[in-house]
Amino acid sequence: MATVGLVLLLGGCRRDMQDQPKYKPLHESEFFADHRSERPMVDDTVPRGYLRTDLARYTGKMNGVDINYFPFAITREDLTRGQDRFNIYCSPCHSRLGDGNGLIVKRGYHNPPSYYTDRVMKAPLGHFFDVITNGFGAMPSYASRVMPDDRWRIIAYIRTLQFSENASINDVPPEDRAKLGASATAELANVSSSHPSPQSTTGPNEVPSPFSGVIPPAAPWNPNAAASEQTGRPYGQAAENAGTLPVSDTTTIQGGNH
Ligand code: HEC
């Protein structure tokens, strides 16, 4: 009888997990002075995988001075990724050509300088990193949307745009010249004599001329097709001419070190 009583007594003391003292998410607390049960992170907390000791790579500066080199080697994949990010995040204002006449600007937003002005052409790479990270004048910061390594990839792509602005046929490796269309060859041949305006430059991702003015309808999205394309679609002239990006880069790099 005594044993039964003891069992009942102890049973009464049992505390189920669902009844234990705990805070439900965002529940008020009487314990903390600010009444928040969710505690802010301790200052300078570094999440695993986010230790950023490479200052040049994560600030674009060394000893407070803009660096003028890429903190990691830029590959063809990085450039393609940079083009992709540029077209998403920068072209609405800067336009795909970088001349500063993006769609938002055409609708009244503050006009950014063209990337082909002497000053921006000569700006060190770290300056671009700083502009993307912290914003610049009327331009907001893109730090929350463009991860540091992607900023370098975008900068590499901007440098490519800038290079293409004054490129001549001599800059195209002889073995690749045959791949250029007649209009591009003619334009490049003229570069040294007349400096074309940025608007007339056909960037690598622009609609090939002659442009009829009609934008072709987008193909319906098919998740299965997209998934199969993600497995190593080769770079090639065809993909570039079509203005499409190999899907594989975007997906592989996205999971990387942000
Ligand atoms: C919402 C529009 C907008 C977007 C999007 C935008 N910018 Fe800008 N950007 C501007 C404006 C406006 C200026 C000029 C700011 C000023 O002079 O006050 C500018 C200026 C710049 C400059 C020139 C800085 C200088 O030294 O004069 C660079 C470089 C630049 N942006 C790069 C970028 C990059 C890279 C991206 C994409 C990550 C981007 N911008 C996205 C609006 C934008």
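There is at least one residue in the range 48-59 that is in a loop (DSSP other than H, G, I, E, B) and β-branched (V, I, T). Among (1) within 15 Å of the chain's Cα centre (by Cα); (2) surrounded by fewer than 13 Cβ atoms within 10 Å (Cβ to Cβ); (3) within 11 Å of the ligand (Cβ to nearest atom), where does S144 come up short? Here S144 clears every test but (3). Taking the criterion of being within 9 Å of the ligand (Cβ to nearest atom), more than 16 Å from the chain's Cα centre (by Cα), part of a helix (DSSP H, G or I) and surrounded by 14 or more Cβ atoms within 10 Å (Cβ to Cβ), the residues of the range 110-128 that qualify are V120, H127. In the set (1) surrounded by 21 or more Cβ atoms within 10 Å (Cβ to Cβ); (2) in a helix (DSSP H, G or I); (3) more than 12 Å from the ligand (Cβ to nearest atom), the condition left unmet by L97 is number (2). Sub-6 Å Cβ pairs linking a first residue in the range 29-46 that is assigned to a loop (DSSP other than H, G, I, E, B) to a second residue that is of a type in the set (D, E), at least 6 apart or interchain, are H35/E28, ordered by first then second residue. Note on the range 147-166: among residues that are within 10 Å of the chain's Cα centre (by Cα) and of a type outside the set (V, I, T), the one that is nearest to the ligand (Cβ to nearest atom) is R151. In the range 100-109, the residue that is nearest to F70 (Cα to Cα) out of those that are over 20 Å from the mean Cα position of the chain (by Cα) and not in a loop (DSSP other than H, G, I, E, B) is V105. Taking residues in the range 129-149 that are part of a helix (DSSP H, G or I), and partners anywhere that are more than 8 Å from the ligand (Cβ to nearest atom), the pairs with Cβ atoms closer than 6 Å and at least 6 places apart or on different chains are F129/G60; D130/G60; T133/A143; N134/S141; P148/Y58. Considering only residues in the range 60-80 that are more than 18 Å from F163 (Cβ to Cβ) and within 16 Å of the ligand (Cβ to nearest atom), the one that is farthest from the chain's Cα centre (by Cα) turns out to be V65. Of all residues in the range 56-86, those satisfying the criterion of being polar (S, T, N, Q) and crowded, with 17+ Cβ neighbours inside 10 Å are T59, T80, Q83.
Each value in this text was obtained by applying a stated rule to the coordinates, not by laboratory testing. Here the structure is a predicted model, which is why all the values come from computation and not from measurement. Neighbour counts are summed over all protein chains in view; Cβ atoms, including those assigned to glycine, are modelled from backbone coordinates with ideal geometry.
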